[in-house]
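What follows is a set of notes on a single structure, which appears directly below.
The values are calculated or read from the model by the stated rules, or taken from the named source; none is laboratory data. Treat the numbers as computed from the prediction; the structure is a model and nothing was measured. Quick reminder, even Gly has a Cβ in these numbers, built from the backbone with ideal geometry, and neighbours come from all protein chains shown.
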Amino acid sequence: MNDTLSHAPDTACAPPLATRVYAKVLWRLMPFLMLAFIVNAIDRINLSFAKLRMAEDIVLSDAAYGIGAGIFYLGYILFEVPSNLYMQRVGARRTLTRIMLLWGAVTVATAFVTTANQLIAARFLLGVAEAGFFPGIILYLTYWLPASLRGRVTAGLLMSGMVAGIICGPLSGVIMAHMDGWLGFKDWQVLFILTGAPTLVLGVFGWFWLTDRPEHSNWLTDDEKRQIAQAISSEPGPVRSHFGGVLREPRLYIAGLVYFCIYSGSNTVTYWIPTLIQGFGLHDLKLIGVLAALPFLVALCAMYLLGRSSDLHMERRWHLGLTMLVGAGSFALLGMLHGNVTLAIVLMSLGSAAALSAIPLFWTIPPALLDKAGAAGGIAIISSLGNLAGVLSQATVGAIKSASGSLYLAFDVMAVVMVIGALVLLIGIPAHCLKEGRG
């Protein structure tokens, strides 16, 4: 985070005033947004650990778990575009506060489910509550920062999600190993309560901390506000100027398909890594928690290096395409080394890190394909198309696991999907569409 905040302004070769302005903006917004991403990621990842103990209590099969993990994205998709469009009307402060308070409440309430169907319903409601959070943040950053800064800033933001993965594994292992029976709750119930409550506190704080746009801030001077406005307004963009025109842009759907393929791999990591590790023959919850943190630790380093390189060379496609291919290759080889726990963990960590690192690289691309008037709806549509992977891929993985008793075939399928996504990206989005200054 410190590197993101201290180095971002000099990438734009900005004059002293601009350097001070962007440093001021980053220090104001990024700590809160990164903390929000940390609790958001934990409130998704916690289910993968809770499954190890709650499956027996609520009679949860692998297939039902896959549906529960996936149906979250159905709720998210149904309300994502309306949430992003509504954010343009009421502002980021109201939108993000509402989202955090609702998802925190649903996470805590999940501790009280007693059947698989209730868990599935809770996960759907969590998706509805979170709808618009990530694309809303991406849109929010376009109000404050020029394109030349967004690659590293987006990577820094999403790196906080990797910090959540590093924290969540050991934390979940300790909670479930030592807090069974706390206040009469079972270990997995305690996990949902303790990981959901901080979101409620953060949501209240956000109401007082966030500012919708630079011109509304009371912590920027008039000169600083003008500097930001001039930088944002001077950026080139596509000629379409209305949302209907954006909907007729074929590359909108190409980008959505690429995101679908990326998210298929990264979601499989998020929801199935603890189960995969358990399949290696390891059953100690604290050890599983520590090993489950490794992919996120590797991804944290990879995100920074890839984001920095992508900004330095102003090149997006090959950085993203090659990262996806590395992830696919690692997933494909995983089943061949299942007898060697050490090598399997190395491949699991490399493939997972690549799948996770592809996400911030991808999100430097959509702002270059959309004009400012269509950005809100366009980004939400791309995110919605990609999030279909959350519904379909996790149900597929759960069905494969239930039918075969193994996750290796499921990871092979995800490898093929990621290869397809890399090819679609490199063929369907030509390099000239992503020129310097357009993200």
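Quick look at the values:
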read-out: Near pairs, Cβ below 7 angstrom, 6+ apart or cross-chain, from region 84-97 (within 14 Å of Leu29 (Cβ to Cβ)) to any residue that is in a helix (DSSP H, G or I) and among the aromatic types (Phe, Trp, Tyr); value: Ala92/Tyr140; Arg93/Trp207
read-out: Residues that are touching an Asp or Glu at 6+ places or on another chain (Cβ under 6 Å) and of a type in the set (Gly, Ala, Ser), drawn from region 148-174; value: Gly151
read-out: Counted residues, region 263-281 - those being of a type outside the set (S, T, N, Q) and either without any contact (Cβ under 8 Å) to a residue 12 or more places away in the chain or farther than 16 Å from Phe296 by Cβ (or both); value: 4
read-out: Residue count for region 287-321, restricted to those that are in contact (Cβ under 8 Å) with a residue 60 or more places away in the chain and either under 20 Å from the mean Cα position of the chain (by Cα) or surrounded by 22 or more Cβ atoms within 10 Å (Cβ to Cβ) (or both); value: 21
read-out: Condition broken by Val239, with the remaining ones in (1) aliphatic (A, V, I, L, M); (2) modelled with pLDDT under 85; (3) part of a helix (DSSP H, G or I); (4) surrounded by fewer than 22 Cβ atoms within 10 Å (Cβ to Cβ) satisfied; value: (3)
read-out: The one condition in (1) closer than 23 Å to Gly386 by Cβ; (2) assigned to a helix (DSSP H, G or I); (3) not hydrophobic (A, V, I, L, M, F, W, C) that Arg308 fails to fulfil; value: (1)
read-out: Residues that are surrounded by fewer than 20 Cβ atoms within 10 Å (Cβ to Cβ) and touching a residue at least 60 places away in the same chain (Cβ under 8 Å), drawn from region 172-192; value: Val174, Ala177, Phe185, Lys186
read-out: Options Phe134, Phe112; residue that is of a type in the set (Phe, Trp, Tyr), over 30 Å from Tyr22 (Cβ atoms) and touching a residue at least 40 places away in the same chain (Cβ under 8 Å); value: Phe112
read-out: Those residues of region 53-83 which are part of a helix (DSSP H, G or I) and either out of contact with any helix residue (DSSP H, G or I) (no Cβ under 6 Å at 6 or more places or on another chain) or at positive phi (or both), in sequence order; value: Ala55, Glu56, Asp57, Leu78, Pro82, Ser83
read-out: Among the residues listed as Ala129, Ala122, Ala155, the single one being crowded, with 19+ Cβ neighbours inside 10 Å, at pLDDT below 90 and either aliphatic (A, V, I, L, M) or part of a helix (DSSP H, G or I) (or both); value: Ala155
read-out: Pairs where the first residue, in region 211-223, is under 17 Å from Ser233 (Cα atoms) and the second is surrounded by 13 or more Cβ atoms within 10 Å (Cβ to Cβ) and of a type in the set (Ser, Thr, Tyr), C-beta under 7 Å, 6+ apart; value: Arg213/Tyr143; Pro214/Tyr143
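Conditions (1) aliphatic (A, V, I, L, M); (2) touching a Leu at 6+ places or on another chain (Cβ under 6 Å); (3) over 17 Å from Val39 (Cα atoms), marked per residue:
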| site | (1), (2), (3) |
| --- | --- |
| Ile167 | yes, no, no |
| Gly181 | no, no, yes |
| Phe192 | no, no, no |
| Thr195 | no, no, no |
| Thr199 | no, no, no |
| Leu202 | yes, no, no |
| Arg213 | no, no, yes |
